[in-house]
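The values are calculated or read from the model by the stated rules, or taken from the named source; none is laboratory data. Since the model is a prediction, treat every value here as computed from it, not as a measurement. Every residue, glycine as well, gets a Cβ built from its backbone with ideal geometry; the counts of neighbours run over all protein chains shown. SASA here: full protein model, heavy atoms, side chains in, ligands and nucleic acids out. Shrake-Rupley method; radii C 1.70, N 1.55, O 1.52, S 1.80 Å.
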Amino acid sequence: MATTESTVKTEGPLDLIQAGERKPPLTRTNIMVMTLGFFGNSFGFGIVFSAVNPLFTFIGASPEELPILNIAGPITGLFVQPLIGAVSDKTWSDRWGRRKPFIYAGALLAALVLIIFPFVGVLWAAVLCLWLLDIGNNTTAEPYRAFLSDRLPKNQLARGFLTQSFYAGLGAVLANLAIFALQKFVTGEGGNGLPYWMYVCFWMGTISVLVTVLIAMRKGPAELRPDDEELAEIKAAPKGLLVTFKDIAGAVRTMPVAMHKIGAVFFFQWYAMFIYWQFVAISLGETVFNSSPEAGGEAWEKTVSWAGLENATYNFFTMLAALFLIGWCQRVGAKKVQAFCLGLAAISLVSLSQIGNQYLALVPMIGLGIAWASMIGLPSMMVSTLVPKKQTGVYLGILNTMIVVPMLIETVTFGWIFKNLLGGSGSNAILLAGIMLACGGICMLWVNPPPEDEESPLIPLGAPRHIKSVYDEVIVGSDGSPTSLVTIGHAAGIAHAAEARLVVVTAYNSGGAQRTPAASYAPDAHQMLYGKDAADLAMQVSLRALSTSPEHNIKELVERIVPAEPAQALLDAAGDNPKNLIVVGNRGLGAAEGELLGSVPAEVVKHAVCNVMIVQTTRHAEDLAAMTSIMEIEPGGTGVPATPAG
């Protein structure tokens, strides 16, 4: 008996097509282009957080005033993101789309403010510019993340948000390196007392925001037009500010349990990060450079420059960490990953507060960078897979509210804490930030994962169940039909969890194409394949369904094309090893209407030496048409007959 068999070892995850998924998949180039705007926004964000507090001190602000001066970010994030998210959920224009009008408007406002920011010479004007800049950033950021969720299929969401994290890290790295380098080469100061290097940095931010957002929106993939039913709902939905607030309140009441549970964690981690951003330069001035904003001079400018390099360093490691973060979460769960990362960040900041050498002060940034990748990457991915598609915008806005509330509390409380409890010491402020991050890590360990049916399919909060060493091989049959692809999906999940070899078997009839009338069988029954060409095509369809998934990392895949009866082909592949597993669908070949099992699963169960898993494929009947469309299978087309055989 001739058998075609090949083994495929894979380096990356395998992609399982999701039943019912109607969003066309994008190429990697498309995803890179559509997320490019995050680079521009991150560059502008990096400029602001590295330069704005030194700018405040240059024009007369004292260190204890810095927290309250930074209140713009939390306030605008608290109100702008949920409002924009809720409004954009109910918006559609055939010319402009749903999210893009808000992305354009926010980017334009941010770019204009970045142009005029360095010309200000009084504190109140600088604070006003910061408010406007944060409004622009928030107007762009929330719809942009919602755009990713709208446009990407679920099996590409992780890649999309991973690319976002990469761009965010790259933009922040270049922003801080720009500050560090320009201070070395651009000398002199303007009439308002600000050094010329600040002018150049802010204008670079303007160019970056405008160019990257325009390229992403104009050259990237278009928004998906809602179907007629959804358009009717959008047109009929009541409008107005009061209605928007009611929508937000309703979303809060019904949001998934997993979103509630991270509130305490977010309080500690974001309070701590706001302290770090505001006081890292002051801390370095005390412990390394013997400088202060009050004294000013060359020593303080050198301190500010080195603080920019510190921020560039941690963002560089954020880029690297983003490359392995998703796989790590899928192995041990986001809960443990986040707790570990917060603990690592705590050790890093505590160390930073005590180090007296400028070069050694860069080492803690490794741990902070890994933690920052976790902080900015995991929440959006989890929420995008947990919430209803129609409310993605408002829920991402609510998630941002959980971030900005701790920042808001910090701005109104930490000035007093800094002056009265920490002795006005920047290094004590960084030490306290480290302690708060440790508290956040402990709180994360107290978070119980949601029930299995509420877990994120891409980034689970809890650790997945592992069944290592239970099975050596997982054997599954495929004839290229949609129901068989459902069965393959279950088999791939088991093979991933058990770290077992996945064996995909396609059996075919090498004789004539005699068939039993189709009316005798259920419409979701499997197909008998006639001829080697049909079997090859069926195997190609199966492998296409097992490509580039963030959900299953199959270490070894074996393909077997066998001229035999399907049941016998599966039994032969399993052999006499009791540590193998055969996975079959309940409606196999010969499944007449009303029967529980077809002839293939019944025969396999009767004669198998190893365990047999029966997959309830009939429950997926409503999704078959959608999956068939995605896989580009033509029922009844050439090569894979659509008529079931007896």
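In table form, for the structure just shown:
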| read-out | value |
| --- | --- |
| Selected residue [among the aliphatic types (A, V, I, L, M), closer than 15 Å to VAL304 by Cβ, in a helix (DSSP H, G or I) and in contact with a helix residue (DSSP H, G or I) (Cβ under 8 Å, 6 or more places away or on another chain)] from MET217, MET198, MET204 | MET198 |
| Lone qualifier among VAL505, VAL476 - being over 32 Å from the mean Cα position of the chain (by Cα), of a type in the set (Val, Ile, Thr), open to solvent by less than 20 Å² (accessible area, probe 1.4 Å) and modelled with pLDDT of 85 or more | VAL505 |
| Breaking point among (1) at pLDDT below 90; (2) touching an Asp or Glu at 6+ places or on another chain (Cβ under 9 Å); (3) open to solvent by 10 Å² or more (accessible area, probe 1.4 Å); (4) part of a helix (DSSP H, G or I), for SER292 | (4) |
| Residue match in the stretch 199-206 (condition: without any contact (Cβ under 8 Å) to a residue 60 or more places away in the chain, over 26 Å from the mean Cα position of the chain (by Cα) and closer than 23 Å to ALA107 by Cα) | yes |
| Residues that are open to solvent by less than 20 Å² (accessible area, probe 1.4 Å) and outside any helix (DSSP H, G or I), drawn from the stretch 256-277 | ILE262 |
| Of residues in the stretch 566-595 being surrounded by fewer than 18 Cβ atoms within 10 Å (Cβ to Cβ) and under 20 Å from ASP479 (Cβ atoms), the one modelled with the lowest pLDDT | ALA592 |
| Condition broken by HIS620, with the remaining ones in (1) within 40 Å of the chain's Cα centre (by Cα); (2) open to solvent by less than 30 Å² (accessible area, probe 1.4 Å); (3) at pLDDT below 85; (4) not charged (D, E, K, R) satisfied | (2) |
| Residues located in the stretch 100-124, provided they are at pLDDT below 85 and open to solvent by less than 20 Å² (accessible area, probe 1.4 Å) | PHE117, PRO118, VAL120 |
| Residues that are open to solvent by less than 70 Å² (accessible area, probe 1.4 Å) and among the hydrophobic types (A, V, I, L, M, F, W, C), drawn from the stretch 295-307 | ALA299, TRP300, VAL304, TRP306, ALA307 |
| Pairs where the first residue, in the stretch 343-354, is surrounded by fewer than 18 Cβ atoms within 10 Å (Cβ to Cβ) and the second is among the hydroxyl-bearing types (Ser, Thr, Tyr), C-beta under 9 Å, 6+ apart | GLN354/THR287; GLN354/SER427 |
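Here's the yes/no breakdown for (1) open to solvent by less than 10 Å² (accessible area, probe 1.4 Å); (2) of a type in the set (Val, Ile, Thr); (3) more than 22 Å from LEU78 (Cα to Cα); (4) touching a residue at least 12 places away in the same chain (Cβ under 8 Å):
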| residue | (1), (2), (3), (4) |
| --- | --- |
| ASP134 | no, no, no, yes |
| THR139 | no, yes, no, yes |
| ALA146 | yes, no, no, yes |
| GLY171 | yes, no, yes, yes |
| GLN183 | no, no, yes, yes |
